[in-house]
Amino acid sequence: MTDDGQADEAAATDVTSARLTSAEAAVLAYEGRSWPGPGAKERAIREGLGLSPVRYYQLLNALMDDPRALAHAPGTVNRLRRIREAQRARR
């Protein structure tokens, strides 16, 4: 293996071994839940996480491309990615 290959492998290991912050993990946990309606989810985001819904969705969108998030909650992240791709395809 070349030095470049070893560096790439080490970088990938560092990224996947790094952990999400508790706030990032909480955002993914909220997104993995089912909600009775949009109002209930937004209220829970404000009260439970102390975030505005806009900030919540900003964090969520950033997490969708984060390999740590994929390692932490693959089902949730892959579902969100599929939804995002379907929305992009409709545009």
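Considering region 20-73, the residues that are of a type in the set (Asp, Glu) and in a helix (DSSP H, G or I) include one that is most open to solvent (accessible area, probe 1.4 Å), namely Glu47. Regarding Arg88, is this residue at pLDDT 95 or above and either among the basic types (Lys, Arg) or assigned to a loop (DSSP other than H, G, I, E, B) (or both)? When the stated conditions are applied, Arg88 does not pass them.
The values are calculated or read from the model by the stated rules, or taken from the named source; none is laboratory data. In this text, all values refer to a predicted model and were calculated from it rather than measured experimentally. Each accessible area value is taken on the protein alone, full model and side chains, heavy atoms only, with ligands, DNA and RNA left out. Shrake-Rupley method; radii C 1.70, N 1.55, O 1.52, S 1.80 Å.
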